[in-house]
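Read the structure below first, then the notes.
The values are calculated or read from the model by the stated rules, or taken from the named source; none is laboratory data. All figures in this text were calculated on a predicted structure; none of them were measured in a lab. Using ideal geometry, Cβ is built from the backbone for each residue, glycine included, and neighbour counts are taken over all protein chains shown. Only protein heavy atoms, including side chains, enter the accessible area calculation; ligands, DNA and RNA are left aside. Shrake-Rupley method; radii C 1.70, N 1.55, O 1.52, S 1.80 Å.
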Amino acid sequence: MKKLLPLILFVLMLTGCAGTTGPTGTYRSINMDAAVAMMEQETDYIILDVRRPDEYATGHIPNAINLPNETIGTAEISVLPRKDQLIMVYCRSGRRSKEASEKLAKQGYTNVVEFGGILDWKGHIVSDE
């Protein structure tokens, strides 16, 4: 039972999170704690940093891919080839990650999770500088 309790709490957190519906798709918004728990449990996911390249270079979540929000349009995205893969999206404070998640959902990505901004990240950060 003690091993099952964290899983139950995790599922409850996810079901209580707000979902946002776009014209052709949906994405979920979760808090940072739920995102960290998801990263610990899942294996096949992409962390997507949608800040500008200069912001990304100063510090980002390990293994994150940089795809600036401004570059997400209607064209296919080569760094995100699988529309059903879990894509975890963040920016600096949460505004651009919501915009990017909406655009990804409109393009047909079906497993997009937006988790706010790096300002709330308590884990390790890597820098390209």
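Key figures for this structure:
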{"read-out": "Given (1) buried (at least 18 other Cβ atoms within 10 Å of the Cβ); (2) assigned to a loop (DSSP other than H, G, I, E, B), index of the condition ASP128 fails", "value": "(1)"}
{"read-out": "Extreme residue, nearest to the chain's Cα centre (by Cα), among residues of the range 15-37 that are open to solvent by 80 Å² or more (accessible area, probe 1.4 Å) and at pLDDT 95 or above", "value": "ASN31"}
{"read-out": "Top-ranked residue of the range 38-63 - restricted to ones that are touching a strand residue (DSSP E or B) at 6+ places or on another chain (Cβ under 9 Å) and without any contact (Cβ under 8 Å) to a residue 24 or more places away in the chain, ranked as most open to solvent (accessible area, probe 1.4 Å)", "value": "ASN63"}
{"read-out": "Test set (1) under 11 Å from the mean Cα position of the chain (by Cα); (2) part of a helix (DSSP H, G or I) - PHE115 fails condition number", "value": "(2)"}
{"read-out": "Breaking point among (1) in contact (Cβ under 8 Å) with a residue 40 or more places away in the chain; (2) outside any loop (DSSP other than H, G, I, E, B), for TYR109", "value": "(2)"}
{"read-out": "Single residue of the range 64-110 satisfying the filter (within 13 Å of the chain's Cα centre (by Cα), surrounded by 17 or more Cβ atoms within 10 Å (Cβ to Cβ) and polar (S, T, N, Q)) that is farthest from VAL36 (Cα to Cα)", "value": "ASN69"}
{"read-out": "Test: residue in the range 82-105 that is more than 14 Å from TYR27 (Cβ to Cβ), part of a loop (DSSP other than H, G, I, E, B) and free of Cβ contacts under 8 Å to residues at least 24 places away in the same chain", "value": "yes"}
